[in-house]
1. Could you give every pair whose Cβ atoms fall below 6 Å, whose first residue belongs to the stretch 264-279 and is closer than 25 Å to F211 by Cβ, and whose second residue is open to solvent by less than 100 Å² (accessible area, probe 1.4 Å) and in a loop (DSSP other than H, G, I, E, B), counting only separations of at least 6 or pairs across chains?
2. Return the total of residues in the stretch 305-344 being open to solvent by 30 Å² or more (accessible area, probe 1.4 Å), at pLDDT 95 or above, under 25 Å from S184 (Cα atoms) and not charged (D, E, K, R).
3. Quick check on T291: is it of a type outside the set (G, A, S), part of a helix (DSSP H, G or I) and farther than 18 Å from L249 by Cβ?
4. Within the stretch 271-301, restricting attention to residues that are out of contact with any strand residue (DSSP E or B) (no Cβ under 8 Å at 6 or more places or on another chain) and of a type in the set (V, I, T), which residue is farthest from I229 (Cα to Cα)?
5. Of the numbered conditions (1) out of contact with any Leu (no Cβ under 9 Å at 6 or more places or on another chain); (2) assigned to a helix (DSSP H, G or I); (3) not acidic (D, E), A270 satisfies every one except a single condition; which is it?
6. Return the total of residues in the stretch 263-277 being among the aromatic types (F, W, Y) and either more than 15 Å from I311 (Cα to Cα) or open to solvent by 80 Å² or more (accessible area, probe 1.4 Å) (or both).
7. Taking the stretch 95-122, which residues are in contact with a Ser or Thr (Cβ under 9 Å, 6 or more places away or on another chain) and within 27 Å of G68 (Cβ to Cβ)?
8. Could you please find all residues in the stretch 237-261 being crowded, with 18+ Cβ neighbours inside 10 Å, outside any helix (DSSP H, G or I) and either touching a His at 6+ places or on another chain (Cβ under 6 Å) or without any contact (Cβ under 8 Å) to a residue 60 or more places away in the chain (or both)?
Amino acid sequence: MQALRKTISSPAHSSSLIEFYCNDSHHQLFKPEKMASTSVLLSKTILASVVLLATVCACTAVSPHAAGLSEDFYDKSCPQAASIVDAYVTKFLEKDRNFAGAFNRLQFHDCWVGGCDGSVLLNSTETNQAEREAHVNFGLRGVAEIDEIKAGLEHFCPGVVSCADILILAARDATAKVGGPTWSVALGRRDGVNSSALMADTNLPFPVLNFSGLVANFAAKGFGAREMITLSGAHTIGQSHCNGILPHLYNFTGRDDANDTDPAMDKNFAVFLKKLCPQGNRTNTIFIDSTANTFDRAYYKNVLQGKGIFITDSTLITNPVGKKVVTKFSKPGSSFFTEFAAGMVKMGNLGVLTGTEGEIRKTCQFVN
């Protein structure tokens, strides 16, 4: 009975039930004269307990998706929505495989600022500087491509699919198509009508943050240090303008010295980057990973070798816990892919608008 009790008593309420039937003297299950007749009763009791346990677990299971979202949200209103997005993403990747990084970045930069409401796609107006104009959003790509997907969806399902949901689907599909993990996407987000450059610069992490700064930034959104390191793995795909890399190469400690490079950076790698990003050049573009068109673990290997592009990359191994996670993720068979997928699902739940909140934009760059 001890073995039996251990097998089926994980949740506390189930344990209490089993203990009651096994030990309560009123049932007298184990009196010698009743052993034969009670064996069947015991079996039925255990079966009933297991069924009850399964029912309770099913009822109390926590959904990984935010309230108001569901995986079948468009099944009736636009059943072809996911396949249309997928087809467009395929088209864009055939043209430029590095768009995978752009779509990943769009999801992060959207969700981190006021929630996943498509606000990062909005244009500035005469009276408002939108998120895309923020310093931290310098060189953001993929906005026109998302609008093209939206136009395709409007042709088949006008006024139904939000730009916010398109971003989430595109990031997932693009990641999977370049070798990364896939994950279940719940839909039903609506589009926000506000977009602020100041909010973007206030919420998004600048590429010069140290480890504690990154931890604090992610903690403000409900993410732990390990999740921060996991989502930093998005830098395994994509490209960057030199704008975010210059502080890593020049004037690293504020001495106003062109040779003041991060000492943790591999020296030969620093020389290589300086050729691609001369001092003062903000607009040249470079890949941010040695295999930038493939989602893999090379990013973590590069960081361990002193070849992180941004300060926020190299700083991951300045902390013992961070270095341990980076080392683990750099090895085959690690849980990086699984944890990255979970992180993207969690991110997609941030600040969503559902029901009658917000709107469904006709075009992604303008409010209705």
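1. A264/G306; M265/G306; D266/G306; D266/K307; F269/K307; A270/T261; C277/I245; C277/N284
2. Number satisfying all stated conditions: 4.
3. So T291 fails the test.
4. V271
5. Answer for A270: the failing condition is (1).
6. Going residue by residue through the stretch 263-277, those that are among the aromatic types (F, W, Y) are 269, 272.
Subset that is either more than 15 Å from I311 (Cα to Cα) or open to solvent by 80 Å² or more (accessible area, probe 1.4 Å) (or both): 272.
Count: 1.
7. Of everything in the stretch 95-122, those that are in contact with a Ser or Thr (Cβ under 9 Å, 6 or more places away or on another chain) and within 27 Å of G68 (Cβ to Cβ) turn out to be F103, N104, D110, V113, G114, D117, G118, S119, V120, L121, L122.
8. Y250, F252, T261
The values are calculated or read from the model by the stated rules, or taken from the named source; none is laboratory data. Remember, predicted model here, so these are calculated numbers, not experimental data. Here the Cβ is made from the backbone with ideal geometry for all residues, glycine too, and neighbour counts use every protein chain on show. Protein only, heavy atoms only, side chains kept; ligands, DNA and RNA dropped before computing areas. Shrake-Rupley method; radii C 1.70, N 1.55, O 1.52, S 1.80 Å.
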